1. Check A:T18, A:T42 and return the single one that is away from DNA strand D (no atom under 16 Å from the Cβ), hydroxyl-bearing (S, T, Y) and surrounded by fewer than 20 Cβ atoms within 10 Å (Cβ to Cβ).
2. Pairs under 7 Å by beta carbon, first residue open to solvent by less than 10 Å² (accessible area, probe 1.4 Å) in segment B:79-100, partner part of a helix (DSSP H, G or I) and of a type in the set (D, E, K, R), six or more apart or different chains?
3. Read through the list (1) within 29 Å of A:V145 (Cα to Cα); (2) more than 16 Å from DNA strand C (Cβ to nearest atom); (3) open to solvent by 60 Å² or more (accessible area, probe 1.4 Å), then give the number of the only condition that B:G121 fails.
4. Considering (1) under 19 Å from A:A79 (Cα atoms); (2) within 14 Å of another protein chain (Cβ to nearest Cβ), say which one A:V138 fails and leave the rest.
5. Restricting to segment A:21-77, and then to whatever is within 12 Å of another protein chain (Cβ to nearest Cβ) and assigned to a strand (DSSP E or B), can you tell me which residue is nearest to A:V149 (Cα to Cα)?
6. Give me the pairs, please: first residue somewhere in segment B:176-187 and free of Cβ contacts under 8 Å to residues at least 60 places away in the same chain, second residue anywhere and among the aliphatic types (A, V, I, L, M) and surrounded by 14 or more Cβ atoms within 10 Å (Cβ to Cβ), beta-carbon distance under 8 Å, and either six or more positions apart or on two chains.
7. Of the residues A:G67, A:G23, only one is closer than 30 Å to A:L206 by Cα and either open to solvent by less than 70 Å² (accessible area, probe 1.4 Å) or not assigned by TED's automatic domain parsing to the domain that holds A:L195 (or both); which?
There are 2 protein chains.
Amino acid sequence: MTLTRKSLRQQIKEILLTRILQGEYRPGDRLIELQIAQEFGTSQAPVRESLRELEALGFVESVPYRGARVRAVSQQELAEVYPVRAAIEEVAARAAAANLAGEVGALEAEIAAMHRAADDGDLYAQVCHDVAFHRLIVEACGNRVLQEVWRSLRIEARTLISVVKTEIEPHHLAEMHRPILEALRAGDGPLAGRLLRQHVEFFGELVLKGEHA
Amino acid sequence: MTLTRKSLRQQIKEILLTRILQGEYRPGDRLIELQIAQEFGTSQAPVRESLRELEALGFVESVPYRGARVRAVSQQELAEVYPVRAAIEEVAARAAAANLAGEVGALEAEIAAMHRAADDGDLYAQVCHDVAFHRLIVEACGNRVLQEVWRSLRIEARTLISVVKTEIEPHHLAEMHRPILEALRAGDGPLAGRLLRQHVEFFGELVLKGEHA
DNA sequence: TGACTTTCGTTTATCGATAATTTATTCTTG
DNA sequence: CAAGAATAAATTATCGATAAACGAAAGTCA
């Protein structure tokens, strides 16, 4: 584990984040500054700053003089993301329709990639391309603030958790994105927005149902 | 300037934030760690952490080895907030209608306070109560993620900037909130949502118009 | 002259050590 | 034996100092 390229803070942050997302650190686990510093052979300072960043990103929570823990993402919180996503992605799609001017090649590629991932049985890749599809729309909308808000929801991290629990046939899942694509190709912003909103809300309800399982 | 109560980091952060919001530090101004540390009689560390927090909050931007500057909030960015606000506040109002169960006393108090501020010619207080009205709705919706996203838009800071430029009669401004209040009192979530969305979009357009002035 | 290199001052990034605080443990004392 | 005070152990928060990186200014060579 060589730490040389970027700033130590950045590198440590990325490593810790990977460990959190991959479940190596479990929710509630303590993240002790000096202990981590020792592991990486650095001093306390860059570790401390990394933890603060992860706190701002919502992956870690900390209390003064009591240290940092991996934050538990409750099922409730997971479900609460969807109404927000639905609302802002609708706005994004409406604006994206105009900006894309029918150029939906990149979106089509993501749907194709979802199918390939489905063939390979690669759930992780499928989720990535699913998220990428949504991200492309958000990025096409031209509203920086909206993009920033969407990013702050950390869809990647959360979708990963929730999708595993749903039981939709993978190819069907991929095809569910096509109506949105077609609306965008046709330049019909309001329709694309409505469809995308319903699409997201649908998954939100799936998560809610999974709650009782 | 005694710094004793909370952690130094917290205190320094608040002071710096005040200075930024009150315009004592102008956009583009450099924030030099050791210089600030010297001013407060602390070491570099807590100042550094404060700056990182302000960076995460979007008030400061920094480049490795080149330091931090006060971030300029462009007119464009200011305008881009409104579509996002409109979308999530609509969602908030729909949910709030059910949760409030007609109990809109707090909202009514904010409208009254806006009128008092209008009488006093206290623009700052007026903005505060305006924002508080919206915050109450957002907090009543019960969705923590939505609340967090709304907070991250830092409406207080931005409204302050934009309202000054508009030229709406203060009492009229206060009354513009009443239809939303009444819809919530009646428990009509969809209506309250629509009204709130239009209300926010209206101000978004005002900002856009001001752009050409 | 003008492009390239070198040097120097400024500032950030990191370090190792100390102070402050919390939590757990042990010791009273009724 | 229980409640509370005192102590000990662990960890964070802060410090002061050093190393690394950057930008500007001075110097070098065609």
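1. From the options A:T18, A:T42, the qualifying one is A:T18.
2. That search, which allows pairs on different chains as well, returns B:V81/B:R158; B:A86/B:R197; B:A86/B:E201; B:A87/A:E90; B:E89/B:R197.
3. Answer for B:G121: the failing condition is (1).
4. (1)
5. The residue in question is A:S62.
6. What qualifies is B:P179/B:L195.
7. Result: A:G23 is the single residue among A:G67, A:G23 that is closer than 30 Å to A:L206 by Cα and either open to solvent by less than 70 Å² (accessible area, probe 1.4 Å) or not assigned by TED's automatic domain parsing to the domain that holds A:L195 (or both).
The values are calculated or read from the model by the stated rules, or taken from the named source; none is laboratory data. No experiment lies behind these values; they were computed from the predicted model shown. Cβ sites come from the backbone with ideal geometry, for glycine too, and all protein chains shown count toward neighbours. These area figures cover heavy atoms from the full protein model, side chains too; ligands, DNA and RNA do not enter into them. Shrake-Rupley method; radii C 1.70, N 1.55, O 1.52, S 1.80 Å.
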